[in-house]
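The block underneath contains the structure these notes are about, expressed in structure tokens.
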Amino acid sequence: MNRNIFITGATSGIGKETAYAFAKNGDNVILCARNGEKLKEIKIDIDRKYGTNAYVFILDVSKYNDVVKTVKKVMEDVKKVDVLINNAGLALGLDKFQDYDIMDIEKMIDTNIKGLLYITRQILPNMVANDEGHIINIGSTAGIYAYAGAAVYCATKSAVKVLSDGIRIDTIDKNIKVTTVQPGIVETNFSNVRFHGNMEQAKKVYEGIEALKPEDIANTILYIANQPKHVQISDITIMATNQATGFNIYRKN
Ligand code: NDP
Ligand code: 8X3
């Protein structure tokens, strides 16, 4: 469709699959994350597969000055962003709040809330000036249903939902859409990051349940972005079939 799609956290999981889904759809993708090597590999692969020119930027979304510089560069390169997908995010740890590592708390807030705000604050004025745009924020079922050991992660995802609603109100007189996507359990690198690289512990999260795949979420995001101009999907929650609420998961063995 030849739109410019800016995706944060595009080197893995949901963000990476979303980059491929939009590139396959004929859109231009602008990808950022911290891992430059992975970004380069993805760019080469997307360009080769879809004959596009994927733009990639090494960026830690929690670093405000870097966000400002990167968005300025993006705007010089592509002039306008049609769809912003705030996907970069993480959970760190799974502990009672009274025992939580303060650095893990800081990092979740800096990435999941501040990072999303920094990027959006830089890109939204351009959408307002163009009177056109779509912001798709990746929340979580964790933002609806708190679960044990995840008070802060759940709070960050709850913040994503409320921020989306607030921004939708502030742009109500513009042709700008704001969507919160709230996935349930998706098998990605998420649990490996949460457990600080403990693969055994991470693997257990997906045992006995057919979790969602990152492409399930990518396809949903593409569907949301491909609605006609007058249709705004405000929120969408997607769970695995054997998942009822956040961490209410039925495991077969
Ligand atoms: P992954 O760990 O597979 O991917 C996370 C992505 O975010 C990576 O590309 C990582 O890239 C990037 N990232 C992390 N921190 C930063 C940062 N500071 N700046 C820029 N990029 C960053 O996890 P998922 O794909 O599962 O997660 C994507 C989003 O989906 C997150 O917001 C997560 O909270 C949410 N989510 C996940 C669910 C799940 O069950 N997996 C369910 C519901 C929501 P790099 O390391 O290169 O920076
Ligand atoms: C990630 C999904 O419920 O495993 O947001 O925390 S969950």
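Nothing in this text is a laboratory measurement; each read-out follows from the coordinates by a stated rule. These numbers were taken from a predicted model, which means no experiment stands behind them. Positions of Cβ are generated from backbone atoms using ideal geometry, with glycine treated the same way; all protein chains shown enter the neighbour counts.
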Legend entry - Number of the exception - Glu215 against (1) under 24 Å from Ala23 (Cβ atoms); (2) away from ligand 2 (no atom under 11 Å from the Cβ); (3) in contact with a strand residue (DSSP E or B) (Cβ under 9 Å, 6 or more places away or on another chain): (3)
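Within segment 195-228, work out how many residues are basic (Lys, Arg) and farther than 28 Å from Leu84 by Cα.
Residues of segment 195-228 basic (Lys, Arg): 203-204, 213.
From what is left, the residues that are farther than 28 Å from Leu84 by Cα are 203-204.
Final tally of qualifying residues: 2.
Could we say that Thr245 is under 17 Å from Ala150 (Cα atoms) and within 21 Å of the chain's Cα centre (by Cα) here? Outline the logic, then answer.
Details: under 17 Å from Ala150 (Cα atoms): yes; within 21 Å of the chain's Cα centre (by Cα): yes.
In short, yes.
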Inset, instruction - Report those strands (runs of 3 or more DSSP E) wholly inside segment 145-253 carrying at least 3 residues which are within 10 Å of ligand 1 (Cβ to nearest atom) and not acidic (Asp, Glu). - result: 176-183
Legend entry - Odd one out for Ala142, checked against (1) within 10 Å of ligand 1 (Cβ to nearest atom); (2) crowded, with 18+ Cβ neighbours inside 10 Å; (3) not in a helix (DSSP H, G or I): (3)
Inset, instruction - Would you tally the residues in segment 83-112 being in contact with a helix residue (DSSP H, G or I) (Cβ under 7 Å, 6 or more places away or on another chain) and within 11 Å of ligand 1 (Cβ to nearest atom)? - result: 10
Legend entry - The lone exception for Met127 - which of (1) farther than 23 Å from Phe247 by Cα; (2) surrounded by fewer than 21 Cβ atoms within 10 Å (Cβ to Cβ); (3) of a type in the set (A, V, I, L, M, F, W, C) it fails: (2)
